[in-house]
Ligand code: GDP
Ligand code: MG
């Protein structure tokens, strides 16, 4: 870096600092802020709810369990409050190192949170895993909010039976029934959370909706497209890495990515007969990327085998699926 480059950077930093001080000064006196850990079993709708609250897609969603692998922040900024949602992987019975990591991420989010939101679904009665999660939450001293999602799939009497059954799992400061896809009750969730957040500053600048990097988000969108088409064991063995992400002069975004699977047979499935499957995945992912990034995208996908990557500390580390060092 040259001397003038570093001067320019310092000036930028100073300018940003001044701007954020100004924004800070304009905040109302009782401005509230903090972290909300969203925990629950896979597939209950955690990512759907957070995307809905943020008003844009930050986490991928799919009917396959364990879609969310990392802890992702979704940041909602209003005049009076900043709510930072921690979208966690669902807690499940782990089969390999990746699964263990996902459980750790989900449960270690609890003690660091200001408020814990336990999300369950109205379609099923509480089971053992719900009881285990509830008992972890019981150790948390802060406010606990229980949200029962997917009330659109049950009749009124079932909804009230589930309300009573889930209520019995712990002591809740708030309990709400919602449908994250239909939007019913979702505003109420926000009000309930903000009510229980401490007074505090804005931790992230207005306009920032997540802590994810563009490339990681891109990889997630590609993985989501693949999950939409792949059956059975392949989804869990799949990881996507973005190799290149470049703006071309014609305004087009060039993205090249590799889909990693664990076996040759899975590679065959992902590519499909005459490359058909990979083409479907690629065009679905491209459409979704273009919609979200509001830009033309040229997408190139590759498929590679990395045997047993889900049990390999090296590969898990490289892809950022590693517990934080305590
Ligand atoms: P997560 O694993 O907890 O993050 O769950 P996702 O947000 O990925 O959602 C899992 C599935 O449940 C997806 O197919 C969603 O469309 C669906 N889903 C989420 N919320 C609702 C809801 O309120 N009603 C219904 N019927 N489906 C929902
Ligand atoms: Mg999720």
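The values are calculated or read from the model by the stated rules, or taken from the named source; none is laboratory data. Predicted model, so just to flag it, every value in this text is computed and none were measured. Neighbour counts are summed over all protein chains in view; Cβ atoms, including those assigned to glycine, are modelled from backbone coordinates with ideal geometry.
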Scan segment 15-40 and report the pairs whose first residue is in the same structural domain as residue 142 (by TED's automatic domain parsing) and whose second residue is assigned to a helix (DSSP H, G or I) and modelled with pLDDT under 95, with Cβ atoms within less than 6 Å and a gap of 6+ or a chain change. 38/46; 39/106; 40/46
Just for strands (runs of 3 or more DSSP E) wholly inside segment 1-114: which have at least 1 residues that are over 22 Å from residue 213 (Cβ atoms) and modelled with pLDDT of 90 or more? 32-39, 81-87
Would a scan of segment 246-254 turn up a residue that is touching a residue at least 40 places away in the same chain (Cβ under 8 Å), farther than 30 Å from residue 32 by Cα and touching a helix residue (DSSP H, G or I) at 6+ places or on another chain (Cβ under 8 Å)? yes
Hey, any hits in segment 120-127 for a residue that's in contact with a strand residue (DSSP E or B) (Cβ under 9 Å, 6 or more places away or on another chain) and under 22 Å from residue 72 (Cα atoms)? yes
Looking only at segment 76-100, which residues are away from ligand 1 (no atom under 16 Å from the Cβ) and touching a helix residue (DSSP H, G or I) at 6+ places or on another chain (Cβ under 7 Å)? 76, 81, 83, 96, 97
So residue 129 ticks every box in (1) away from ligand 2 (no atom under 16 Å from the Cβ); (2) within 30 Å of residue 320 (Cβ to Cβ); (3) more than 20 Å from the chain's Cα centre (by Cα) but one. Which box is left unticked? (1)
Is there a residue in segment 190-198 that is farther than 30 Å from residue 310 by Cα and assigned to a loop (DSSP other than H, G, I, E, B)? yes
Within segment 141-160, of all residues that are surrounded by fewer than 16 Cβ atoms within 10 Å (Cβ to Cβ) and in contact (Cβ under 8 Å) with a residue 24 or more places away in the chain, the one nearest to residue 35 (Cα to Cα) is 152
Every residue from segment 177-221 that is within 16 Å of ligand 1 (Cβ to nearest atom), surrounded by fewer than 16 Cβ atoms within 10 Å (Cβ to Cβ) and farther than 17 Å from residue 115 by Cα: 182, 183, 184
